[in-house]
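One structure below.
The values are calculated or read from the model by the stated rules, or taken from the named source; none is laboratory data. Not measured: the values here are computed from a predicted model. All Cβ positions, glycine included, derive from the backbone under ideal geometry; neighbour counts span all protein chains shown.
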Amino acid sequence: MLRIAESGVADLGELGDGREVAGGGETSVLWYNFPALVKTAMLPKLPDTKLGPEDLAEWRKGWDNARAKTPLGYLGDPSSASLKRGEQAFHGEATRLADAILKHMELSPWMKQGPQH
C-alpha cells in the first residue's frame, strides 16, 4: 500500500520499507482480505530472504536475476505476517487514503468556488 508523503517520498505505512514482495506486510494484508488464499501453515517455514543492497540491485534487474535471488518468489519475511497486522495495515491505509482525498478536495479551487447556478 503505497502512499506519497508530504515530502514527495513514497511511504508504505505499516507495510514495511519497500524492500519486500509477498513479505510480511503484503502477506498480512492479503491474509486479512482474502484468508482462503494464504497458506498459513507454510508461513513459519519460509525464511527471511535477508537480501542486502547489492542483492536488491541485482534482483531489481528482473527475470532470471530476480528468480536467482528469490527462487520461491518472495522477497522479505513472510513468516512475520499476521492477521492482526493485515487488519491494522488495511484500515490504517484506508484512513490515510480517505484523509488524502479530503485534503485534496479542500485545497482544490473548484471546491472553494461553491455551487454554480
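Scanning segment 92-110 for residues that are surrounded by 10 or more Cβ atoms within 10 Å (Cβ to Cβ) and hydrophobic (A, V, I, L, M, F, W, C) turns up Ala94, Leu97, Ala98, Ala100, Ile101, Leu102, Met105.
Only one of the listed residues (Glu14, Glu26) is within 9 Å of the chain's Cα centre (by Cα), at pLDDT 60 or above and either of a type outside the set (Lys, Arg) or not in a strand (DSSP E or B) (or both). That residue is Glu26. The residues of segment 39-56 that are surrounded by fewer than 12 Cβ atoms within 10 Å (Cβ to Cβ) and not basic (Lys, Arg), listed by number, are Ala41, Met42, Pro44, Pro47, Gly52, Pro53, Glu54.
Under the condition of being closer than 23 Å to Lys39 by Cβ, among the charged types (D, E, K, R) and without any contact (Cβ under 8 Å) to a residue 40 or more places away in the chain, the residues counted in segment 50-82 number 3. Of the helices (runs of 4 or more DSSP H) lying entirely inside segment 50-117, the ones with 3 or more residues being within 13 Å of the chain's Cα centre (by Cα) are found at 83-107.
Against the list (1) in contact with a Leu (Cβ under 6 Å, 6 or more places away or on another chain); (2) surrounded by fewer than 17 Cβ atoms within 10 Å (Cβ to Cβ), the condition Ala89 fails is (2). Taken over segment 48-67, the criterion of being of a type in the set (S, T, N, Q) and under 12 Å from Val21 (Cα atoms) is satisfied by Thr49 alone.
Taken together, the criteria place Arg85 among residues that are closer than 17 Å to Glu20 by Cβ and in contact with a Gly (Cβ under 9 Å, 6 or more places away or on another chain).
Residues in segment 30-41 that are part of a helix (DSSP H, G or I) and either more than 17 Å from Gly73 (Cβ to Cβ) or without any contact (Cβ under 8 Å) to a residue 24 or more places away in the chain (or both): Tyr32, Asn33, Pro35, Ala36, Leu37.
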